[in-house]
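Encoded as structure tokens, the structure appears first; notes follow it.
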Amino acid sequence: MLELCKTVLNGVHEDKSLFRKELIKSISWLNQEEQEKFQNWVRERFSNEHADVIDEILNTKYQFAS
């Protein structure tokens, strides 16, 4: 599932609203260990492009415990 989430975000990163939507969805699908890996990857890969969205989603209520 982790690789699928990465693939989806890579595919929608040019559209900020889609990126936000898919980021939220991806986090909800992943278990805690995958979430940590995914969040690190997202920050490394997309911080230059979507820092505001990443900070909003990864630092708020959208964090899900599995």
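Where does helix 2-12 land angle-wise versus the long Cα axis of the chain, in degrees 0 to 90, nearest 10? So the inclination is approximately 20 degrees. Against the main long axis of the alpha-carbon atoms of the chain, helix 16-29 sits at an angle near 10°. Per-residue ellipticity at 222 nm, computed for the chain from helices alone with -39500 (n - 2.57) per DSSP H run of at least four residues, works out to -26500 deg cm²/dmol. Note on surface exposure: Ser17, Ser26, Ser47 rank Ser17, Ser47, Ser26 by accessible area, highest first, 1.4 Å probe. Computed from the C-beta positions of Glu3 and Glu56 and an R0 of 25 Å, the FRET efficiency is 0.55 to the nearest 0.05. Computing Cα Rg over 2.2 N^0.38 Å directly from the structure and comparing it against (i) 1.28; (ii) 0.96; (iii) 1.46 singles out (ii).
Just to confirm, what accessible area per residue do you get for the chain at 1.4 Å probe, in whole Å²? List each step's numbers first, then the result.
Values: 4040 Å² over 66 residues.
Heavy-atom accessible area per residue stands at 61 Å².
Taking Cα centre as origin and charging only the Cβ of basic (Lys, Arg, +1) and acidic (Asp, Glu, -1) residues, the dipole magnitude of the chain rounds to 140 debye.
Return the loop-located chymotrypsin sites (Phe, Trp or Tyr not before Pro) in the chain (DSSP other than H, G, I, E, B) with at most 13 other Cβ atoms within 10 Å of their own Cβ; answer none if there are none.
When the chymotrypsin sites (Phe, Trp or Tyr not before Pro) of the chain are filtered for loop state and at most 13 Cβ neighbours within 10 Å, Phe64 remain.
To the nearest ten degrees, helix 32-58 and the longest principal axis of the Cα atoms of the chain are 20 degrees apart.
The values are calculated or read from the model by the stated rules, or taken from the named source; none is laboratory data. Bear in mind that the values here come from a model prediction, so they are computed numbers and not experimental data. Quick reminder, even Gly has a Cβ in these numbers, built from the backbone with ideal geometry, and neighbours come from all protein chains shown. What goes into the accessible areas is simple: the full protein's heavy atoms, side chains included, and nothing from ligands, DNA or RNA. Shrake-Rupley method; radii C 1.70, N 1.55, O 1.52, S 1.80 Å.
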